């Protein structure tokens with residue numbers, strides 16, 4: 001279950017980071033920049049989530065899986081008027097080290113982590129974008145229980161255990177400029 005949780009949270013980070021810097025969907029001129037807010041509906045399997053952001057200007061699109069380069073983790077958002085690349089190293093590290101408290105009676109747990117994510121590059125309308133966004137990832141799940149043996153009915157918290165249900169969301173806010 002922990003591997004599933006980390007995968008989903010990693011996906012959330014990718015989705016949020018990509019969305020957090022996307023600006024200017026309503027215009028073909030370079031955005032002026034300014035404060036933004038990001039709302040992410042994560043997809044399954046590291047990417048392919050939906051991104052919406054508001055603020056100085058707005059745009060929407062989808063994310064792609066997190067990639068690694070030079071010891072860093074990056075997320076890319078493919079938006080209507082360009083792409084945005086965000087450094088997700090800090091949020092990924094926090095999520096990877098997190099140990100959510102599990103309620104043994106309900107076999108459920110939740111996790112919230114926040115970290116700064118630098119905006120590193122963009123294409124199209126977002127060429128020259130830079131800034132920083134605070135990304136907060138929220139994740140909860142209900143785990144499965146052992147079906148037989150001496151642990152029957154108890155939470156199965158092994159990495160191979162499947163979750164019964166899980167949900168995550170990502171929110172970000174920050175400032176970008178060009």
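The values are calculated or read from the model by the stated rules, or taken from the named source; none is laboratory data. In this text, all values refer to a predicted model and were calculated from it rather than measured experimentally. All Cβ positions, glycine included, derive from the backbone under ideal geometry; neighbour counts span all protein chains shown.
Per-residue answers, yes or no, for (1) at pLDDT below 85; (2) out of contact with any strand residue (DSSP E or B) (no Cβ under 7 Å at 6 or more places or on another chain); (3) in a loop (DSSP other than H, G, I, E, B):
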position: 13; (1), (2), (3): yes, no, no
position: 26; (1), (2), (3): yes, yes, yes
position: 29; (1), (2), (3): yes, yes, yes
position: 36; (1), (2), (3): no, no, no
position: 47; (1), (2), (3): yes, no, yes
position: 54; (1), (2), (3): yes, no, no
position: 61; (1), (2), (3): no, no, no
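Any chance you could count how many residues in region 144-163 are in a strand (DSSP E or B) and either without any contact (Cβ under 8 Å) to a residue 24 or more places away in the chain or over 29 Å from residue 38 (Cβ atoms) (or both)? Break it down into steps so the answer makes sense when it comes.
Start the filter on region 144-163 by keeping residues that are in a strand (DSSP E or B), which leaves 145, 155, 163.
The next check asks that each one be either without any contact (Cβ under 8 Å) to a residue 24 or more places away in the chain or over 29 Å from residue 38 (Cβ atoms) (or both); those that pass are 145, 155.
Residues flagged as in a strand (DSSP E or B) and either without any contact (Cβ under 8 Å) to a residue 24 or more places away in the chain or over 29 Å from residue 38 (Cβ atoms) (or both) within region 144-163 amount to 2.
Picking from residues in region 65-97 that are in a helix (DSSP H, G or I) and free of Cβ contacts under 8 Å to residues at least 24 places away in the same chain, the one that is farthest from residue 127 (Cα to Cα) is 97. Taken over region 155-178, the criterion of being modelled with pLDDT of 95 or more and over 24 Å from residue 48 (Cβ atoms) is satisfied by 175 alone.
Here is a yes/no grid of residues against (1) at pLDDT below 95; (2) over 23 Å from the mean Cα position of the chain (by Cα):
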residue: 94; (1), (2): no, no
residue: 101; (1), (2): yes, no
residue: 117; (1), (2): no, no
residue: 128; (1), (2): yes, no
residue: 140; (1), (2): yes, no
residue: 153; (1), (2): yes, yes
